[in-house]
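The values are calculated or read from the model by the stated rules, or taken from the named source; none is laboratory data. Just so it is clear, the model here is predicted, and its values are computed rather than measured. Neighbour counts run over all protein chains shown; Cβ positions are idealised from the backbone, glycine included. Accessible surface is based on the protein model in full, side chains and every heavy atom, while ligands, DNA and RNA are left aside. Shrake-Rupley method; radii C 1.70, N 1.55, O 1.52, S 1.80 Å.
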Amino acid sequence: VEPLADAVDGFELDPCSGAESSPFADSVFTEDDYGLAQDWYGTVWVNPPYSAMNEWTSKALAQFERDAVDRVFYLCKGDSSTDWWKRAAASASVVATIDHRLKFGDGENSAPFASHIFVFGDVDDSAIAALSDHGRVLRPLKQGEANE
């Protein structure tokens, strides 16, 4: 997360904070703050609890529509068979597919699933470069473009 945070000049908010040893954003909402009930702002880093992906995906998409939110970086399971993943992919500016299994917190084991980062909003070259360091960056085709 740190190289990506550096590439975007820092995250203003992490509405799902708590599991990491140090925060990834200037402001955080912990489990007690319940980020689903709060308004978000700025450049947001979201690593939602994977047991509530429908709710957090809906929240991320709705919050991105607010003027106060510049962009949202949304780390999630690479579960393209689910409705929440399809909704996120349809709205994302880019999807970064992480090319290795992530470790969370001080855990000894890696996640048993692939991970993706959806970006909702403008993505500049420095963010693309940081995402590319960890996997493939996919962009949706624009009207009239051919798949190469």
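Here is how the numbers come out for the structure above:
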{"item": "Checklist (1) in contact with an Asp or Glu (Cβ under 9 Å, 6 or more places away or on another chain); (2) farther than 15 Å from Asp70 by Cα applied to Glu55, failing item", "result": "(1)"}
{"item": "Those residues of the range 1-28 which are in contact with a strand residue (DSSP E or B) (Cβ under 7 Å, 6 or more places away or on another chain), in contact (Cβ under 8 Å) with a residue 12 or more places away in the chain, open to solvent by 10 Å² or more (accessible area, probe 1.4 Å) and not aliphatic (A, V, I, L, M), in sequence order", "result": "Gly10, Glu12, Cys16, Ser17, Phe24, Asp26, Ser27"}
{"item": "Glu55 vs. criteria touching a Leu at 6+ places or on another chain (Cβ under 7 Å) and among the charged types (D, E, K, R)", "result": "yes"}
{"item": "Flag for Trp45 being part of a helix (DSSP H, G or I) and of a type in the set (Phe, Trp, Tyr)", "result": "no"}
{"item": "Those strands (runs of 3 or more DSSP E) lying entirely in the range 56-122 with at least 3 residues modelled with pLDDT of 95 or more", "result": "69-77"}
{"item": "Residue within the range 10-26 that is part of a helix (DSSP H, G or I) and of a type in the set (Asp, Glu) present", "result": "no"}
